[in-house]
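K.L.:
Could you have a look at this structure, given as structure tokens, before my questions?
The values are calculated or read from the model by the stated rules, or taken from the named source; none is laboratory data. For clarity, every value in this text was computed on a predicted model and none was experimentally measured. Heads up, the Cβs are rebuilt from the backbone with ideal geometry, glycines too, and the neighbour counts pull from every protein chain shown. Surface accessibility is based on the protein's heavy atoms, side chains included, excluding ligands, DNA and RNA. Shrake-Rupley method; radii C 1.70, N 1.55, O 1.52, S 1.80 Å.
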Amino acid sequence: MGSLSTNPSAMAAAFAADTDRFDPLNADDVRSYLHKAVDFVYDYYKSVESLPVLPGVEPGYLVRQLKSAAPPNAAAPFDVAMHELREAVVPGTTHWASPNFFAFFPATSSAAAIAGELVASAMNTVGFTWQANPAAAELEALALDWLAQLLLLPDSFMNRRTSAAAAAAGRGGTGNGTAGTGTRGGGVILGTTSEAMLVTLVAARDSALRRSGSDGMAGITRLTVYAPDQTHSTFFKACRLAGFDPANIRSIPTGADTDYALDPARLLEAMRRDADAGLVPTYVCVTVGTTSSNAVDPVGAAADAAAAFGAWVHVDAAYAGSACICPEFRHHLDGVERVDSVSLSPHKWLLTCLDCTCLWVRDTRRLTESLETRPEYLRNDASESGAVTDLKDMQVGVGRRFRGLKLWMVMRTYGAAKLRQHIRSDVAMAKMFEECVRADDRFEVVVPRNFALVCFRIRPSATAGMTEEDAEAANRELMERLNRSGRVFLANTVIGGKFVLRFAVGSTLQEERHVRSAWDLIKMTTTEIIKGQMD
């Protein structure tokens, strides 16, 4: 990244003289600032591959770098902020956009998504009701329906159902497996998976309390929730926020026999045990693509187990759900017609920049009954008519961004074919990496690869005199050295009590050469570590 040759202090002094009028949305300034910001973004994407993925900074570096902990009183030219962005902020950034980023899960973006985010920010609408921005409400519904169709979700999750399904619902029929009379499905775009879990937990909680004839704290203490032990930790946080007793949060053990996916028999056993004890099984969270190992819980079997108790079933497909737009991966969602809600985050793997989590529910009324607010100043004819579902009533807060624009722009610009090509390319690169690992007898793939994540480690070796304890130390050192190098960034997990490295392919700029280069670095560093242990 280049630096500005102009002296920031001189620019600020010259700028200070013009303080008569404050016009923060001057059209000429908007054009000028955005041109400079776009040039910055262009330079950033051109150079990010050469930047250290992890910054070599210490906590508190930024205030020291900027030499000011107090807010500025005087105005300054925009160029001053851009100079400090380049010189202080960028060097302290972990570059998720880097093609050498293999940690966690990817945070993908695209030109179309960035453009959509820019336009949405410029419009700056607050679409809490349909009336507040009809286009935002309807474009969000359209984008969600488009994505639902690519995922082959049943009509019962659509904002606009087919005429046959709508007629069945109106007659009290089930239509694609939905239960209940006149139910209305649909979706909403939230910020994160955490929010999707929280709002569905609240809806499930209230529904269970009404069903059991209980209310208040006495009723809540009888409600139980379930998830495999590989479920993202945000689930357990959301349960606490929703008021569930921590003693009633069941973590179902998983093991190597199911590749660390949910065992439906164990789930059913736990629910029966609780029901026999007078508790109320309320909510089951299953995951398509767990964070640790990309394990896939059996959606249909979990729904069957929960059905006997009337428990809400939520599918967290935050990362791997995007792959299900490809026919060869769609089977991972089999049984989805029997669940109550599904969430997927296109900002992870579908080229839609943060933040964008899609939540679909079979019956929007179960959400709105818990989350609806109707202040007088938001009343309007469209809302009162029942012809629309105000999205404020399907989320935690009231205010909301125009998130649907960037998702619509991504799908409208690239189309299903290009999005599938993007997913398949990442999976192919991950498969290539997996084959490299399996071909080197110093390593092992700890669990079968799913999608574009490979979990591997240095294996113990009798010939090299490496015990399990030595292997643990070697793997920790390997990750530390790799990340310290700045040339790649990997994260770890623990599977079956073993320290494991996660290699997640999917950063938008990644190509096969980046994966091969990372593998070469891993091999070279491993050779050094093993040699050091033997010496």
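K.L.:
Could you grab me the full set of residues in the stretch 452-480 that are out of contact with any Gly (no Cβ under 6 Å at 6 or more places or on another chain) and open to solvent by less than 10 Å² (accessible area, probe 1.4 Å)?
P.N.:
453, 454, 455, 456, 457, 458, 471, 474, 475, 478
K.L.:
Mind checking which residues of the stretch 295-310 are in a loop (DSSP other than H, G, I, E, B), open to solvent by less than 10 Å² (accessible area, probe 1.4 Å) and either out of contact with any Leu (no Cβ under 6 Å at 6 or more places or on another chain) or at pLDDT below 95 (or both)?
P.N.:
Going through the stretch 295-310, the residues in a loop (DSSP other than H, G, I, E, B) turn out to be 295, 297-298, 308-310.
Next, from what is left, pick out any that are open to solvent by less than 10 Å² (accessible area, probe 1.4 Å): 295, 297.
295 - this is the single residue of the stretch 295-310 that is in a loop (DSSP other than H, G, I, E, B), open to solvent by less than 10 Å² (accessible area, probe 1.4 Å) and either out of contact with any Leu (no Cβ under 6 Å at 6 or more places or on another chain) or at pLDDT below 95 (or both).
Yes/no per residue for (1) under 18 Å from residue 144 (Cβ atoms); (2) in contact with a strand residue (DSSP E or B) (Cβ under 9 Å, 6 or more places away or on another chain); (3) touching a residue at least 12 places away in the same chain (Cβ under 8 Å):
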| residue | (1), (2), (3) |
| --- | --- |
| 352 | yes, no, yes |
| 375 | no, no, no |
| 388 | yes, no, yes |
| 406 | yes, no, yes |
| 423 | no, no, yes |
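K.L.:
I need the full set of residues from the stretch 49-108 which are open to solvent by 60 Å² or more (accessible area, probe 1.4 Å), at positive phi and without any contact (Cβ under 8 Å) to a residue 60 or more places away in the chain, in order please.
P.N.:
If the condition is that a residue be open to solvent by 60 Å² or more (accessible area, probe 1.4 Å), at positive phi and without any contact (Cβ under 8 Å) to a residue 60 or more places away in the chain, then 67 is the only one that fits.
K.L.:
Of all residues in the stretch 484-496 being in contact with a Leu (Cβ under 6 Å, 6 or more places away or on another chain) and within 27 Å of residue 260 (Cα to Cα), which is least open to solvent (accessible area, probe 1.4 Å)?
P.N.:
Per the stated criteria, the residue is 490.
K.L.:
Considering only the stretch 12-34, I want to know if a residue exists there that is among the aromatic types (Phe, Trp, Tyr) and either modelled with pLDDT of 95 or more or crowded, with 17+ Cβ neighbours inside 10 Å (or both).
P.N.:
yes
Each row is one residue, and each column tells you yes or no for (1) within 30 Å of residue 126 (Cβ to Cβ); (2) at pLDDT below 95; (3) not acidic (Asp, Glu).
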position	(1), (2), (3)
402	yes, yes, yes
421	no, no, yes
424	no, no, yes
430	no, no, yes
436	no, no, yes
445	no, no, yes
456	no, no, yes
464	no, yes, yes
468	no, yes, no
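K.L.:
Can you say whether residue 262 is open to solvent by less than 10 Å² (accessible area, probe 1.4 Å), among the hydrophobic types (A, V, I, L, M, F, W, C), touching a Pro at 6+ places or on another chain (Cβ under 7 Å) and closer than 25 Å to residue 321 by Cα, as far as the supplied structure shows?
P.N.:
yes
K.L.:
Restricting the stretch 391-427 to residues that are open to solvent by 60 Å² or more (accessible area, probe 1.4 Å), of a type in the set (A, V, I, L, M, F, W, C) and in a helix (DSSP H, G or I), which is farthest from residue 115 (Cα to Cα)?
P.N.:
Top of the filtered list is 417.
K.L.:
Moving on to the next point. Which one of these is under 29 Å from residue 348 (Cα atoms) and at pLDDT 95 or above: 81, 112?
P.N.:
Being under 29 Å from residue 348 (Cα atoms) and at pLDDT 95 or above holds for just one of 81, 112, which is 112.
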